[in-house]
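The values are calculated or read from the model by the stated rules, or taken from the named source; none is laboratory data. Here the structure is a predicted model, which is why all the values come from computation and not from measurement. All Cβ positions, even for glycine, are placed from backbone atoms using ideal geometry, and neighbour counts span all protein chains on display. For the accessible areas, the whole protein counts, side chains as well, though only heavy atoms, and no ligand, DNA or RNA atoms are used. Shrake-Rupley method; radii C 1.70, N 1.55, O 1.52, S 1.80 Å.
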Amino acid sequence: EAGVRPETAERVRAVIAELGFRRNDGARQLRRGRTASIGLVVESFTDPFYSVLTAAVERVARLRKHLLISGSAEGSADREESLASALLARRVDGIIIVPAGRRHGWLADEIASGTPTVFVDRPAGDIDVDTVLTDNEGGVRSAVEHLVAYGHRRIGFLGDDAELWTARRRLEGFEAATAALGLTGSPIAMGPHRPGALADVLRTWSENGGSGENGGSGDSGGAGVTAVVTGNNRVTVAALQALRGLPRAISLVGFDDFELADMLSPAVTVVAQDPAKLGEAAANLLFARIDGDRAEPQRVVLSTRLIVRESVRRAEDGA
């Protein structure tokens, strides 16, 4: 403090060194009614998408002099609730959630009491709360339109587990896009995909356009699929492995960019989300609420970007 005599300050520093004293910042912040911390619950730290999103949230928190405390729900709705409840029990100033479950009524009292809460990548199931999303339907539409521009008329869709909100939105985007463009008999296979099963699906589609692994829709009248759209980076990687063993080349557009996609041969055309912008937008919205913004809940939708590389070839005439 200003005005402390130098000899007094020196004696205090000597005692600090002798005792190994460390200031309790938590107690200091609680006196001000804040903990200078925010919480984040994501689906998985092993997925690069969520690693980038987490890093973006942490950068915003650091600029705001807040500590980020994060955890992985590992795809479990129960673990999501447990982690979020633990963070809220530590009185974080606000929380960001990538939801694994569809029901979030357990958060209603906390939100009503004034705890800022933002959902990112997927919306909350049954509460009205700030949300930051990607334009999933628009991204898939751009993939289908790109393939059609290259002459493809028989296009399949390989999605992730339909229990996931993003997987359902991307499926709906594919169905809407193919219908709008007059494409019929577009086969669909939703996950989770068993190891090695995609090779059988793609072989069947390539040979006669038949139904997919788990009852895909449509019948292409015996004509083989010439292109596929994949629902996320995990499915894309599995599909690339399966495509290597096929006698017939199939063009591919993947949803999500991924590391080394531009280094493969052929380099993979993708619909790229921006997980850093998702994380940044969610964090900025959270801090606006922490600072006192009491407007109605917002729904922010960020656009995707089609990155054209080499994995889409022009279809043969009539394909």
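Brief remarks on what is shown
- The condition of being open to solvent by 60 Å² or more (accessible area, probe 1.4 Å) and at pLDDT below 95 holds for only one of 310, 316, 280, that being 316.
- Matching residues in the range 119-156 - criterion: being open to solvent by less than 10 Å² (accessible area, probe 1.4 Å), more than 19 Å from residue 43 (Cα to Cα) and assigned to a loop (DSSP other than H, G, I, E, B): 152
- Residue count for the range 187-197, restricted to those that are surrounded by 21 or more Cβ atoms within 10 Å (Cβ to Cβ) and at pLDDT below 95: 2.
- Check on residue 147, hydrophobic (A, V, I, L, M, F, W, C), touching a helix residue (DSSP H, G or I) at 6+ places or on another chain (Cβ under 9 Å) and at negative phi: no
- Residues located in the range 53-77, provided they are in contact with an Asp or Glu (Cβ under 9 Å, 6 or more places away or on another chain) and under 15 Å from residue 274 (Cβ atoms): 53, 56, 57, 59, 60
- No other residue among 175, 163 is part of a helix (DSSP H, G or I) and open to solvent by 40 Å² or more (accessible area, probe 1.4 Å) apart from 175.
- Where a residue in the range 63-92 is farther than 15 Å from residue 122 by Cα and in contact (Cβ under 8 Å) with a residue 40 or more places away in the chain and its partner, wherever it lies, is charged (D, E, K, R) and open to solvent by 30 Å² or more (accessible area, probe 1.4 Å), with Cβ under 7 Å and at least six apart: 88/110
- Complete set of residues in the range 283-307 that are of a type in the set (D, E, K, R) and either assigned to a strand (DSSP E or B) or surrounded by fewer than 17 Cβ atoms within 10 Å (Cβ to Cβ) (or both): 291, 293, 294, 296, 299, 305
- Any hit, the range 253-276, residues being in a loop (DSSP other than H, G, I, E, B), loosely packed, with under 15 Cβ neighbours inside 10 Å, in contact with a Lys or Arg (Cβ under 8 Å, 6 or more places away or on another chain) and not polar (S, T, N, Q): yes
- Unmet criterion (only one of (1) out of contact with any strand residue (DSSP E or B) (no Cβ under 6 Å at 6 or more places or on another chain); (2) at pLDDT 90 or above; (3) not aliphatic (A, V, I, L, M)) for residue 220: (2)
- Evaluating residue 164 against the criteria (1) more than 16 Å from the chain's Cα centre (by Cα); (2) closer than 30 Å to residue 88 by Cα; (3) of a type outside the set (Ser, Thr, Tyr) leaves one unmet condition, (1).
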